[in-house]
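**Student:** First the structure, which I've put down as structure tokens, then a few questions once you've had a look.
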Amino acid sequence: MQNLVIRFIFFGLLGSEFCIALCAASAADPKSEMVTLDAKPERIAIDPKQTAVIVVDMENDFVAKGGMFDRAGADISGAQKAIAPIAKVLAAGRQAGMKIIYLKMGYRPDLSDLGAPDSVNRTRHLKWGVGQKIRAPDGQESRIRIRDTWDTDIVPELKPQASDIVIYKTRFSGFYQTELDATLKKFAVKYLIVTGVTTSICVESTVRDAMFRDYLCVLLRDCMSEPIGHDLPRTNHEASLLNAEVLLGWVSDSEQFVKALLVKAPQASR
């Protein structure tokens, strides 16, 4: 009888503690801040307060007429087409209080951060003319892929605002020897909405490194582009999105992103 009473008291106390914990969790209701985004392979719930929009390399050298890609004969039409949807995503993200982080590929004037003399990063980039002096479309002197020049400026339509964060990188991944990871941790960011160019190179490299660090990445397919293989039956763009969809994260688009935030907005105003 005594054992039965002890068991009754024990389970009663355990049940009370469980109820208190459950009520506390319900009061906090962390899901109330979540936004559900239609994506592949399945929908994903994100917290805007823990989300950053990443804009990869939307700079003149990759996107604008007269930039490095354009001078080399690469097709920039896809990158230019991505500008408008990225602008919509940035506007919606800022309104929702998300961090906006720009990554820019750019080197020091002396090319000291380009890599060792025989490194692939240095030898391949030099073939693209990195460091060469040019005259920008607006008439000013500039240098291909050099920091703080017209070439590495973000295209005007996506110009960073004062509250945004801009990080230079020297390799395809935005995490390689940069302050990106520390910045994301500083603001307790968990979810990354990824946009920019090029899909299979700098975007995918950054997403892979993000996934290795346990960030949850959503790639917006209409907010990125890839000139490599663009004329093939199945492009590198699509291959990278498939990698993301199957193994690295989620794939959605600007329309679904903006729609999800608009659905949340009326709830937040109540």
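The values are calculated or read from the model by the stated rules, or taken from the named source; none is laboratory data. Bear in mind that the values here come from a model prediction, so they are computed numbers and not experimental data. Every residue, glycine among them, receives a Cβ derived from its backbone with ideal geometry; neighbour counts consider all protein chains shown.
**Student:** Hey, which of the strands (runs of 3 or more DSSP E) in segment 181-262, taking only ones fully inside, have at least 2 residues that are outside the structural domain of Lys169 (by TED's automatic domain parsing) and over 12 Å from the mean Cα position of the chain (by Cα)?
**Tutor:** In segment 181-262, there are no strands (runs of 3 or more DSSP E) which contain 2 or more residues that are outside the structural domain of Lys169 (by TED's automatic domain parsing) and over 12 Å from the mean Cα position of the chain (by Cα).
**Student:** Could you name every one of the strands (runs of 3 or more DSSP E) located completely within segment 93-162 that has at least 1 residues being over 26 Å from Ser254 (Cβ atoms) and among the small types (Gly, Ala, Ser)?
**Tutor:** Per the criteria, 141-143.
Results for (1) in contact with a strand residue (DSSP E or B) (Cβ under 6 Å, 6 or more places away or on another chain); (2) in contact (Cβ under 8 Å) with a residue 40 or more places away in the chain, shown as yes or no for each residue.
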| residue | (1), (2) |
| --- | --- |
| Thr152 | yes, yes |
| Pro160 | yes, yes |
| Asp164 | yes, yes |
| Phe175 | no, no |
| Val189 | yes, yes |
| Leu192 | yes, yes |
| Thr198 | no, yes |
| Cys202 | yes, yes |
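**Student:** Sticking with this structure for a sec: Tell me which residues, restricted to segment 109-142, are without any contact (Cβ under 8 Å) to a residue 24 or more places away in the chain, of a type in the set (D, E, K, R) and either closer than 14 Å to Phe172 by Cα or in contact with a helix residue (DSSP H, G or I) (Cβ under 8 Å, 6 or more places away or on another chain) (or both).
**Tutor:** If the condition is that a residue be without any contact (Cβ under 8 Å) to a residue 24 or more places away in the chain, of a type in the set (D, E, K, R) and either closer than 14 Å to Phe172 by Cα or in contact with a helix residue (DSSP H, G or I) (Cβ under 8 Å, 6 or more places away or on another chain) (or both), then Arg122, Arg124, Asp138 are the ones that fit.
**Student:** Residue by residue through segment 132-152, note down the ones that are under 12 Å from Glu59 (Cβ atoms) and crowded, with 19+ Cβ neighbours inside 10 Å.
**Tutor:** Ser142, Ile144, Arg145, Ile146, Thr149, Trp150, Asp151, Thr152
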